[in-house]
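Below: one structure, written as structure tokens.
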Amino acid sequence: MVRCFLIHTVCPVSTLSAGESRVLYSRVFGPDDRVLSERHRELSPEERRLLQKEKVAAVARQVRSAVSLSREASGRLIVETMPGEENLALQDADCGVVRLRAGDPFSEETSALWLGVQSLGFTLVCEPHENLLLAEGTLRNLTRHCLEHLHMLGQGSEVLLKSNRIDVLLSRLLPHGQLLFLNHRFAQSLEKEVAAYMAK
Amino acid sequence: MYSHASESLIKQAREIQESELQKFYSRLMKMLQGKELGHDTVDSLQRLHLILSATKYTRTLPLELQKRFVALLSSPAEQHQVLSAAVLRETLPLTGQELNYNQDNLGQLNSHAAGLLLSQAVSRGDLSSLCTQLLRNLESRPSEGPTHSLMHTLPVLNSVLTHSPECLSEDQMTLVSKKLVDWLRYASVMQGVGTSSGGFFTGPRSRQPVPIAELDGSVSGDFFTVLCVGQGFTEDQWMNVYSFSMLRHWLLTYHSSCSTTVDAANRLQLSLSLSHSHSFSNDDRSEVDGSVVSMVSATSSSSRLLPPKERLREKAFQYCQRLIEQSDRKAHKKTDTELQKACLVEAVCILDCVCVEDASLVYRTFPCIKALFGRLSSELSYARVLLPIAQFYLNHGEIAAVDCENVWKVVFGRFPTELFNDPFLAHELLRFLRLNLESIELRVPQYTRYFPNLLKFLAWDSPAMVDDFVDLLPSMVTTGTAVELLHTLLDLPCLSATLVLQHRSTCLPISEPVGRNFVSLDAFRNPSFRGLFLFLLRTEAGSGDTMDRLSTLHELLVEAADWPRVTQCARTVPVLLHVFFNTIVTIADEKLLAHLILVMLERSSLLLNIPAYIKEIHRVFSCHLLRLCKLHPSLVVNQSHELLEFAGSTANVYSKEELFTHVVWVLGEYLSVSCDSRCSVSLITSCFEALEAVLFEITSSAPPTGTVCPAPKVINTLMSALAKLASRSHDLIPRVSLFLSKLRTVTRSGSVAWCSDEEDLVAIVTRGEELWSLLKAPGVAQSVLTPPPHVIAPQWHRDTNEMSAYSYYMRPGIVMQQEEASTHCTIVGSVGSKGFIPTPTLPVECSLGSKCLSVRQHQQQ
């Protein structure tokens, strides 16, 4: 299963200190693992929510560092692309994996797959036994749809103001964090549903 | 992409005033009371979500409004479900009685509401009852509900199982197992019409049913799998996809723990007979609904005889075998080729999983796995599929008596060599190593030989890999590999640079003139230097610890010193060296440690020229030299020749101050009969003379141009070492005293060329005076400067725990005493526990002056 999906900044943001990342969208799947652990049962719902937000932020920070270091090492220049050039942007994206040790921040060890598209990172946190090849394909697919349906290559703020579109994408392509083996026909049929939703 | 507008939106959402928010709530309330929800409402809901989610503080909605959202959850319009679920996820769940809505509507619980329910579950009880409801839905054929109501069931179920596998009862597990068998093995083999036409027998007569196709376009001749395509899909075909997607997790969760060997013999017999029967079988049908019989099946079986769990295992086995067959077909779409790879990974993992549960399946599975390995081993694009295959060989190769050597050659040999720059392969390969380390050390002992190759992953992408290597490196440290491994780690930045060159070299054609920045690329392509680079790029260890022309290589790579990849790599080397030394002290004998000390001394001046890197390496060397000598004091007498050679060179004072200081300290401390009976008077004298010469030289002239004055700690250490040596051979005392008196005379004038700071000079002179006065009483000097063992490690109590606590308590006390007496030079070490290795400190210097104290703090880092 996938633990969470997030979209966050991987470039410096003027209002944040260096190394920080602004989380623009995040979705944690399934029940909170702390609900079921004895240690955190006494936490109030507010505290649980806060803890979850901090965990997501911790992932975003780690990925942000990984992206910067990877970009620094490869020395490739980031090519700015325009709306409509989603496929190009995706081809040009950096990618990688960050190993998140147990307890940092999730109770079990997890792998954070990331895709760096210009100033944004798209991250999928997977559980230990997950099929990363499938996860990678799913992440690319999700990212492409996000870029297209939320016009993310442009200057708008639809990622904040139309996040329900991402929710719908996730409900089809990654329902409840379940990675799906979708051949192109299955994918097409889901994409039709998604397109129908977006058209409303 | 990320604009200022977005940033200011977040700011606005966070800073919205309470009064404004209340107005917004009441406006929303009015909007939601209307029958139709217009654009404005949707827009406002989205804004509300932003306001709630942008802050880490929880905002509380008015109860009425929250109830509205709960009602909206079951609205027929998906947009409303999505938005209300999103809003409710960011608020606190309603308490007890308000939750009832869930129970009433569970029958038609849509996917978004189910997701919300999952995320807000507060106890295992919540999850259990959710499971029960979901399974009830599964049981009743849901022809009336919308298709999706059934489809999200499995993902929700799987999500619950991840966190709380004990939610399901034995009966429920059986039910799901049966259902999975049904969907996996008996999904319709005819194409669905449209996406939601559902049912097996609903095909209208007017339209001839069309069989499903394979990815290469041919008509499918066997049961349906995720690699089958059609114009549309039936519901059970969708369920096939969902079932396969969760199958491995299901097997891992519920099967591995229940595996028994009770009737292993029976099963073995059965499976053997099955593997020989390739006949078509009519009893092979769905147990639940008696669905269409698959007409052609390579391994049909009479598995109805099996209990549900075993039956699922058998069907999973068949499904995976079929997927492996199907993956050999040439897919028309690129995305389907990728899916084939992902399916291969999953299939092999599932086969591994069922074979772990039931060893008798190993014999039926191996031919297929072997064939797959044969087919894919030469294709690098399938590298990530080969890792699960390697896992299979590792887990079952022994039982099946299969030769695995070729697998390891590919995985440890070819992959790192050719795919060092694939971040995903690197991650998966290193994870494979980590998770199976014990088994690999046992079954693939030759693994450690591949360390030069495996380190390529680290050299290429150090920040991402260092974490894995911190875990893996200890397994690579053996008495056989230690020396070569140390050299290899020290040359890791060179390897990094070489990989960059290799990468560039393959990207740029030979004919292309290389830019002026790539002088090293010319060298890389120059046949006369080929050997140097090939040594760095070697696959296996054992061809020599290091190379002759290392300095040539460093010169060739001098421009690489500021390549980001190389500097990133250089930053990780000290970390790994610490891991290396921490491991080696646990396994090495004194002879090997002596060799390592030689390597340290030799390599301290033979490193790729990155100043920060060199400094850090010297620091690591210093720390571990001290530690090794503390553990085995006789090492110093053993290696006195080389240590003296190092300490006798004045140039080292300026170029390797840190290491020099430590070498001098260990010489002064451990060159003593009490550490090694071989320590002769002449050895002490020659050591004394060498150090005396250096001290004289550096305190009689200004530092060479381009260098700074030696730190006071160097001079203090030298003086202390001389005093210690003299206290062991009293003939030398007049010589030290003479030097110390001269020092006082010289410095009386105020300033000297070799020390720019007045305070430092005072500290040095004070130190000299202390030593001088101490040496006036040779007997006292000896017992203070070379204290007998019972003073260094007094064992007042036998209880280790009590004493270690006591030792911490004592520590400041001892230091204070030293200051009072101004003459004590004993080690402030562990008290009471011999096994405990104290943090390396330089106690002699530590007790003096604030400047010197910083030395100790540094060491303790």
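Comparison of B:50, B:28, B:21, B:32 shows that the only residue that is part of a helix (DSSP H, G or I), within 8 Å of another protein chain (Cβ to nearest Cβ), of a type in the set (A, V, I, L, M) and surrounded by 13 or more Cβ atoms within 10 Å (Cβ to Cβ) is B:50.
Among the residues of the range B:655-690, those identified as under 41 Å from the mean Cα position of the chain (by Cα), within 18 Å of residue B:719 (Cβ to Cβ) and among the hydroxyl-bearing types (Ser, Thr, Tyr) are B:661, B:670. Whether any residue in the range A:109-122 is closer than 14 Å to residue A:3 by Cα and assigned to a loop (DSSP other than H, G, I, E, B) is what I want to check. For the range A:109-122, residues closer than 14 Å to residue A:3 by Cα and assigned to a loop (DSSP other than H, G, I, E, B): present.
In contact with an Asp or Glu (Cβ under 8 Å, 6 or more places away or on another chain), modelled with pLDDT of 90 or more and farther than 23 Å from residue A:150 by Cβ, is that true of residue A:66? Can you show your working first?
Working: in contact with an Asp or Glu (Cβ under 8 Å, 6 or more places away or on another chain): no; modelled with pLDDT of 90 or more: yes; farther than 23 Å from residue A:150 by Cβ: yes.
When the stated conditions are applied, residue A:66 does not pass them.
The criterion of being under 24 Å from residue B:538 (Cβ atoms) and modelled with pLDDT of 95 or more holds for residue B:420. Just one of (1) surrounded by fewer than 23 Cβ atoms within 10 Å (Cβ to Cβ); (2) touching a residue at least 40 places away in the same chain (Cβ under 8 Å); (3) more than 12 Å from every other protein chain (Cβ to nearest Cβ) fails for residue B:392. It is (1).
The test for being modelled with pLDDT under 90, closer than 28 Å to residue A:200 by Cα, open to solvent by less than 60 Å² (accessible area, probe 1.4 Å) and hydroxyl-bearing (Ser, Thr, Tyr) does not hold for residue B:74. Of the residues making up the range A:17-35, those that are closer than 15 Å to residue A:53 by Cβ and in contact with a strand residue (DSSP E or B) (Cβ under 8 Å, 6 or more places away or on another chain) number 8.
Filter the range A:128-158 down to the residues that are within 7 Å of chain B (Cβ to nearest Cβ) and without any contact (Cβ under 8 Å) to a residue 24 or more places away in the chain and list them by number.
Filtering the range A:128-158 for residues within 7 Å of chain B (Cβ to nearest Cβ) gives A:129, A:131-134, A:136-137, A:152-153, A:155, A:157.
Across the range A:128-158, the qualifying residues are A:129, A:133, A:137, A:155, A:157.
Across the range B:53-70, the qualifying residues are those that are open to solvent by 20 Å² or more (accessible area, probe 1.4 Å) and of a type in the set (Val, Ile, Thr), and the one among them that is farthest from the other protein chains (Cβ to nearest Cβ) is B:60.
Which of the residues that make up the range B:29-51 are in contact (Cβ under 8 Å) with a residue 40 or more places away in the chain and under 19 Å from residue B:71 (Cβ atoms)? Can you show your working first?
If we filter the range B:29-51 for residues that are in contact (Cβ under 8 Å) with a residue 40 or more places away in the chain, which is where we start, we get B:32, B:37, B:42, B:45, B:49-50.
Those that are in contact (Cβ under 8 Å) with a residue 40 or more places away in the chain and under 19 Å from residue B:71 (Cβ atoms): B:32, B:37, B:42, B:45, B:49.
Selection of the range B:700-747 for residues being of a type outside the set (Val, Ile, Thr), open to solvent by less than 10 Å² (accessible area, probe 1.4 Å) and touching a residue at least 60 places away in the same chain (Cβ under 8 Å) yields B:716, B:720, B:723, B:724. Of all residues in the range B:414-440, those that are at negative phi and in contact (Cβ under 8 Å) with a residue 60 or more places away in the chain have Cβ atoms under 7 Å from Cβ atoms of residues that are surrounded by fewer than 19 Cβ atoms within 10 Å (Cβ to Cβ) and not in a helix (DSSP H, G or I), 6 or more apart or on another chain, in B:417/B:539.
Of the residues making up the range A:160-184, those that are assigned to a helix (DSSP H, G or I) and facing another protein chain (nearest Cβ under 7 Å) are A:160, A:161, A:163, A:164, A:167, A:168, A:171, A:175, A:176, A:177, A:184.
Screening the candidates A:42, A:46, A:80 for the property of being at the interface with another protein chain (Cβ under 9 Å from one of its Cβ atoms), within 25 Å of residue B:55 (Cα to Cα), at pLDDT below 95 and exposed (fewer than 15 other Cβ atoms within 10 Å of the Cβ) yields one hit, A:46. Please determine, by comparing only the residues of the range A:153-178 that are in contact with a strand residue (DSSP E or B) (Cβ under 7 Å, 6 or more places away or on another chain) and of a type in the set (A, V, I, L, M, F, W, C), which one is nearest to residue B:432 (Cα to Cα). Checking each candidate, the answer is A:174.
Among the residues of the range B:218-239, those identified as within 21 Å of residue B:150 (Cβ to Cβ), of a type in the set (A, V, I, L, M, F, W, C) and in a loop (DSSP other than H, G, I, E, B) are B:223, B:224, B:226, B:233. Residue check: is residue A:187 surrounded by 21 or more Cβ atoms within 10 Å (Cβ to Cβ) and either of a type outside the set (A, V, I, L, M, F, W, C) or assigned to a helix (DSSP H, G or I) (or both)? Spelling it out, it is not the case that residue A:187 is surrounded by 21 or more Cβ atoms within 10 Å (Cβ to Cβ) and either of a type outside the set (A, V, I, L, M, F, W, C) or assigned to a helix (DSSP H, G or I) (or both). Pairs linking a residue in the range B:122-142 that is at pLDDT below 80 and part of a helix (DSSP H, G or I) to a residue that is basic (Lys, Arg) and crowded, with 16+ Cβ neighbours inside 10 Å, with Cβ atoms under 7 Å and 6 or more positions apart or on different chains, are B:138/B:179. For the range B:680-695, the set of residues classified as open to solvent by 10 Å² or more (accessible area, probe 1.4 Å) and of a type outside the set (Gly, Ala, Ser) consists of B:681, B:683, B:685, B:689, B:692, listed by residue number. Of all residues in the range B:414-470, those being within 11 Å of chain A (Cβ to nearest Cβ) and among the polar types (S, T, N, Q) number 2. Of everything in the range B:71-86 that is more than 16 Å from residue B:121 (Cα to Cα) and hydrophobic (A, V, I, L, M, F, W, C), the residue that is farthest from the other protein chains (Cβ to nearest Cβ) is B:71. Of all residues in the range B:540-571, those satisfying the criterion of being among the aliphatic types (A, V, I, L, M), outside any loop (DSSP other than H, G, I, E, B) and open to solvent by less than 50 Å² (accessible area, probe 1.4 Å) are B:550, B:553, B:556, B:560, B:561, B:566, B:570.
Checked against the criterion of being at the interface with chain B (Cβ under 9 Å from one of its Cβ atoms), in contact (Cβ under 8 Å) with a residue 24 or more places away in the chain and buried (at least 22 other Cβ atoms within 10 Å of the Cβ), the candidates A:125, A:98 yield just one match: A:98. For the criterion of being more than 14 Å from chain A (Cβ to nearest Cβ) and in a loop (DSSP other than H, G, I, E, B), residue B:398 passes.
The residues listed here are A:139, A:170, A:115; of these, the one that is open to solvent by less than 10 Å² (accessible area, probe 1.4 Å), closer than 20 Å to residue B:82 by Cβ and among the aliphatic types (A, V, I, L, M) is A:170.
The values are calculated or read from the model by the stated rules, or taken from the named source; none is laboratory data. As the structure is a computational prediction, the values presented were derived from the model and not from experiment. As a convention, Cβ positions derive from the backbone with ideal geometry for all residues, glycine included, and neighbour counts pool all protein chains shown. Just so you know, the surface numbers come from the protein's heavy atoms only, side chains and all, with ligands and any DNA or RNA stripped out. Shrake-Rupley method; radii C 1.70, N 1.55, O 1.52, S 1.80 Å.
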